[in-house]
1. Among the residues that make up region 76-92, is at least one of them in a helix (DSSP H, G or I), modelled with pLDDT under 85 and out of contact with any Cys (no Cβ under 9 Å at 6 or more places or on another chain)?
2. Restricted to region 1-56, and to residues that are modelled with pLDDT of 85 or more and among the aromatic types (Phe, Trp, Tyr), which residue is surrounded by the most Cβ atoms within 10 Å (Cβ to Cβ)?
3. Output the residue which, of all residues in region 57-76 that are surrounded by fewer than 23 Cβ atoms within 10 Å (Cβ to Cβ) and among the small types (Gly, Ala, Ser), is nearest to residue 37 (Cα to Cα).
Amino acid sequence: MLKENSSFDWRQAFARLEGAYAPSSIRAYFSDVEAFVQWCHQREHQPFPADPLIICAFLYAQSASLAVSTVKRRLYAIRRIHRLLKLDTRKNPPLSVVFAAGIIRRRESGAVLGAIQGFA
């Protein structure tokens, strides 16, 4: 199992959001990032900085059982924590956002994206 890099202490980074968002929003974002980190560790992926394909695989896996709005919020939380940790997010959002939009369209058809099956 991968050890989380202590320089990417995402839990402490959330403290900087206090006052900027409602407490319920912060709890939801915290839960979303925690789910992502646990998912990554279970599959021996490094959560920070996240590879765009790993984010896509996570979103796809989550879309099977969660509402589209929850999947979108999880993407937002992952992007926000990368910014708080001052990690390069210029590469990650475009692919992840496009993929999230694809999840919304493909969810109804049940299509599986072969490119990410190995990560999910």
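1. Looking for residues that are in a helix (DSSP H, G or I), modelled with pLDDT under 85 and out of contact with any Cys (no Cβ under 9 Å at 6 or more places or on another chain), one finds at least one in region 76-92, hence yes.
2. Of everything passing the filter in region 1-56, 36 is surrounded by the most Cβ atoms within 10 Å (Cβ to Cβ).
3. Among those that are surrounded by fewer than 23 Cβ atoms within 10 Å (Cβ to Cβ) and among the small types (Gly, Ala, Ser), it is 61.
The values are calculated or read from the model by the stated rules, or taken from the named source; none is laboratory data. Values in this document were obtained by computation on a predicted structure and should not be read as measured data. Positions of Cβ are generated from backbone atoms using ideal geometry, with glycine treated the same way; all protein chains shown enter the neighbour counts.
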